1. Can you give the calculated 222 nm mean residue ellipticity of the chain, where each DSSP H run of n ≥ 4 adds -39,500 (n - 2.57) and the sum is split over every residue, rounded to the nearest 500 deg cm²/dmol?
2. Kindly write out, for region 251-265 in residue order, the coupling ³J(HN,Hα) from the Karplus curve 6.51 cos²θ - 1.76 cosθ + 1.60 (θ = phi - 60°), rounded to whole Hz, with x marking Gly and Pro.
3. Given that compact globular proteins tend to follow 2.2 N^0.38 Å, what is the ratio of the alpha-carbon Rg of region 105-220 to that value?
4. What spacing in nm lies between the two simple spin-label points modelled at residue 132 and residue 250, each 7 Å away from Cα in the Cβ direction?
5. Could you derive backbone 3J(HN,Hα) for region 134-140 from the dihedral phi with the Karplus parameters 6.51, -1.76 and 1.60 (θ = phi - 60°), listing whole Hz in sequence and x where the residue is Gly or Pro?
6. Which of 91, 31, 228 sits farthest toward the positive end of the charge dipole of the chain, with +1 on the Cβ of Lys and Arg and -1 on the Cβ of Asp and Glu?
7. Taking a label point 7 Å from the Cα of residue 186 along the Cα→Cβ vector, which residues of region 119-142 have an amide N closer than 18 Å to it?
8. Ranked from highest to lowest mean number of other Cβ atoms within 10 Å per residue, what is the order of the peptides 116-125, 175-184?
Amino acid sequence: MSSTAMKKKVLLMGKSGSGKTSMRSIIFANYIARDTRRLGATSKIDVEHSHVRFLGNLVLNLWDCGGQDTFMENYFTSQRDNIFRNVEVLIYIFDVESRELEKDMHYYQSCLEAILQNSPDAKVFCLVHKMDLVQEDQRDLIFKEREEDLKRLSRPLACTCFRTSIWDETLYKAWSSIVYQLIPNVQQLETNLRNFAQIIEADEVLLFERATFLVISHYQCKEQRDAHRFEKISNIIKQFKLSCSKLAASFQSMEVRNSNFAAFIDVFTSNTYVMVIMSDPSIPSAATLINIRNARKHFEKLERVDGPKHSLHMRMR
């Protein structure tokens, strides 16, 4: 791994059976939801380490911490400094149907105390998981109550809560939001994505991380009706990529067109895919594809944390 890599330590914590390893496997190891049923608990070792490279220099140093009681107690005593030092992000997973909610909250508060002592600037995220097990008409109420409790318990730290399930797009929404906050040059990336969208007269442009297909940036020129479209697209395309790989084929690009719009998904940089939505029928597909190709080199430079600070200027074809 390059010495210039920017490593971000991410703690993934929660009681045993809360779903930590399943969600990690879906996001980072290309599992589909039904395949996670064969995964066992993180029981043989207390912490599983993995490194996930994002956008060139950004590396997530992911610590998946086993949730058995013995492990949890050790985290707060003999391993306290090792576990909680230099943490950028704490992600705590709660099983929404846990029968030991009081114990879950106790362990969470113990994590917060250790974070305050060792990594007071860390960002804290709580995922209220397995929401698919809750009756649909009760989900909003239950999540709101849990969110209020968690934010109150988290003070003085700020806590961002998400409802999640491995069976729908909510998992991608949560992880996209978390990773977004770790990207060091995200504002510059968004500025250039906006310039790109305006230059090529796109309705919307989305940037996906190549391996996980998490949405890391977007810009829209026209209002869109579906607020969950990013996560749905991530889910659909990742499933399609997996289907391709099972046939020993690789996914590179796709064009979908109807009477209202054209959508282009293509490899953009070595670490990203781009999706471009066009509704102007006078702009031919070839022109959009050429514009995507022309922008690639510029966005490759932006992915490097120490890359040049300049804006995108290109001639529209």
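Since every read-out is calculated from the coordinates, none of them should be taken as a lab result. What you see is a predicted model, and the numbers here were worked out from it, not measured in a lab. With ideal geometry, Cβ positions are generated from the backbone for all residues, glycine too; neighbour counts draw on all protein chains shown.
1. Helix contribution divided over all residues of the chain: -11500 deg cm²/dmol.
2. So the J values, rounded to whole Hz, are 8, 10, 7, 7, 10, 10, 9, 9, 6, 9, 7, 10, 10, 10, 10.
3. Output field value: 1.30.
4. Output for this residue pair reads 3.1 nm.
5. Karplus-based 3J(HN,Hα) across region 134-140 equals 8, 4, 4, 6, 9, 5, 4 Hz.
6. Among 91, 31, 228, the one farthest towards the positive end of the dipole of the chain is 31.
7. 121-127
8. The most tightly packed comes first, giving 175-184, 116-125.
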